[in-house]
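The structure under discussion appears below in the form of structure tokens.
The values are calculated or read from the model by the stated rules, or taken from the named source; none is laboratory data. Every value quoted in this text rests on a predicted model; they were computed, and no experiment measured them. Glycine gets a Cβ as well: all are built from the backbone with ideal geometry, and neighbour counts include every protein chain shown. Ligands, DNA and RNA are stripped out before the accessible areas are found, and what is left, the full protein with its side chains, is counted by its heavy atoms. Shrake-Rupley method; radii C 1.70, N 1.55, O 1.52, S 1.80 Å.
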Amino acid sequence: MSFQNTPVLPAPTSLSHLTRRRKAALVVQLLISDGNKLALSAMPENIQAELAQELGEIRLVDRDTVNAVAEEFASILESIGLSAPGGAKAALAALSEHISPALAHRLQAQLDGQMGSDPWPRIAALELHDLIPIFQAESVEVGAIILSKLTVERAAEVLGGLPGDQARRITFAVSQTETATPAAIARIGDALVKEYCQKAVTAFEKPPVDRIGAILNSSPASTRDELLDGLEGTDAALAKSVRKAIFTFADIPLRMQPTDIPAALRSIEPDDLNTAIAYALGEDGDLNSAAEHVLANISQRMAGQMREDAAEMGKVSVKVGEAAMNKVTAAIRALADAGSITLRSTDDEEEADAA
């Protein structure tokens, strides 16, 4: 038998000859061989390219080396005590809710200006109601490119939200994108990000209606009613929106779930709660009804004690009573903002009245 044409296999690679990159590639190869699906596309493209190159260099690796690399990798994972998002984009995404909008905007603008920054993930991350207007404003050709860069599911949603004729023209235009170059696609993406993904930075975090509502929430009832009546004559739509943003003691029966009342009361200072109840019980109309509603949805023992405390207080002044009620409603709104309880909207009340 002749062995002249038998290929010579390379010598197995030993642990001492493996670089950190080669070890990482070996771990990836092990995971893939075991049937794991890795989200390698989430890594920067240059890292993916380096990984592919390292994988291509792997020939034979002896069993002891494979086991040693796997053990080393497992040891590293076990020693990790803290993991932070990798890369500037991931870090900004993690911090965006904790830093000022102005700073977040400046940092995002800096990232967008860096060479090699891919604009398409930001476009693809837009909500459907933000994507549809882009398709309506841009040309059919640009729409076809955007559609091609979306996931299949999101692209189907977009087409479903467009007029039939426009959806058909954009779908046909996709067939004309075969010769589009990466550079051209990147330029289009950059232009779209600058046009549609740059949020204007304003001086106030909350919209005007919410700011007005917050101020009137803490205002005396007479001042609040007078200003709302004035707004009605100036801008009825604004007045209606402000009324929806306001939550007062008298709104408790209509906007609070009865089951939320006991938990909400636990977050209120007892003196403030007792004073507010005492004042409201001494009034007529909505305030009295609100106080009775609160007492009807807590334990009988607690309700009885609060009635006794109210009787001992006697007549509570308007100034003291309204200040106490404002503290009660502020505590309830804080719970609602934190998601601990849910307040019904005034739209729900209007629909219930209409029914």
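For the stretch 260-270, what are the residues that are open to solvent by 50 Å² or more (accessible area, probe 1.4 Å) and in contact (Cβ under 8 Å) with a residue 12 or more places away in the chain? Give the derivation first.
Initially, the stretch 260-270 is screened for residues open to solvent by 50 Å² or more (accessible area, probe 1.4 Å), giving 266-267, 269-270.
Within the stretch 260-270, 267, 269 qualify.
Within the stretch 25-39, is even one residue at pLDDT below 80 and on the phi > 0 side of the Ramachandran plot?
Within the stretch 25-39 (the criterion being at pLDDT below 80 and on the phi > 0 side of the Ramachandran plot), the answer is yes, since at least one residue qualifies.
Restricting attention to the stretch 234-257, and to residues there that are open to solvent by 40 Å² or more (accessible area, probe 1.4 Å) and of a type in the set (Gly, Ala, Ser), which single residue is nearest to residue 209 (Cα to Cα)?
For the stretch 234-257, the residue satisfying everything is 241.
If residue 198 meets every condition in (1) over 30 Å from residue 241 (Cα atoms); (2) modelled with pLDDT under 90 apart from one, which number is that one?
(1)
Which residues, counting only those in the stretch 145-166, are among the polar types (S, T, N, Q), under 23 Å from residue 118 (Cα atoms) and part of a helix (DSSP H, G or I)?
Listed by number, the list holds a single entry, 148.
Among the residues in the stretch 335-353, are any within 29 Å of the chain's Cα centre (by Cα), in a helix (DSSP H, G or I) and among the small types (Gly, Ala, Ser)?
yes
Check whether at least one residue in the stretch 167-175 is open to solvent by 30 Å² or more (accessible area, probe 1.4 Å), hydroxyl-bearing (Ser, Thr, Tyr) and not in a helix (DSSP H, G or I), and report yes or no. Quick ask: steps written out before the conclusion?
Initially, the stretch 167-175 is screened for residues open to solvent by 30 Å² or more (accessible area, probe 1.4 Å), giving 168-169, 171-172, 174-175.
Filter again for hydroxyl-bearing (Ser, Thr, Tyr), leaving 171, 175.
Narrowing further to those that are not in a helix (DSSP H, G or I): 175.
For the stretch 167-175, residues open to solvent by 30 Å² or more (accessible area, probe 1.4 Å), hydroxyl-bearing (Ser, Thr, Tyr) and not in a helix (DSSP H, G or I): present.
Is it the case that residue 252 is β-branched (Val, Ile, Thr), in contact with a helix residue (DSSP H, G or I) (Cβ under 8 Å, 6 or more places away or on another chain) and farther than 30 Å from residue 297 by Cα?
no
Could we say that residue 230 is at positive phi and without any contact (Cβ under 8 Å) to a residue 40 or more places away in the chain here? Explain how you work it out, then say what you get.
Values: at positive phi: no; without any contact (Cβ under 8 Å) to a residue 40 or more places away in the chain: yes.
No, not satisfied.
Given the conditions (1) farther than 30 Å from residue 207 by Cβ; (2) polar (S, T, N, Q); (3) open to solvent by 50 Å² or more (accessible area, probe 1.4 Å); (4) under 37 Å from the mean Cα position of the chain (by Cα), which single one is not true for residue 297?
(3)
Does at least one position in the stretch 132-152 carry a residue that is touching a Phe, Trp or Tyr at 6+ places or on another chain (Cβ under 9 Å), open to solvent by less than 50 Å² (accessible area, probe 1.4 Å) and in contact (Cβ under 8 Å) with a residue 60 or more places away in the chain?
Yes - at least one qualifying residue is present in the stretch 132-152.
Does the stretch 213-227 include one or more residues that are under 29 Å from the mean Cα position of the chain (by Cα), buried (at least 18 other Cβ atoms within 10 Å of the Cβ) and closer than 18 Å to residue 331 by Cα?
Yes, because at least one residue in the stretch 213-227 is under 29 Å from the mean Cα position of the chain (by Cα), buried (at least 18 other Cβ atoms within 10 Å of the Cβ) and closer than 18 Å to residue 331 by Cα.
Yes/no matrix, rows are residues, columns are (1) surrounded by 15 or more Cβ atoms within 10 Å (Cβ to Cβ); (2) touching a Gly at 6+ places or on another chain (Cβ under 7 Å); (3) free of Cβ contacts under 8 Å to residues at least 40 places away in the same chain:
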residue: 301; (1), (2), (3): no, no, yes
residue: 305; (1), (2), (3): no, no, yes
residue: 309; (1), (2), (3): yes, no, yes
residue: 313; (1), (2), (3): yes, no, yes
residue: 320; (1), (2), (3): no, no, no
residue: 324; (1), (2), (3): yes, no, no
residue: 331; (1), (2), (3): yes, no, no
residue: 334; (1), (2), (3): no, no, no
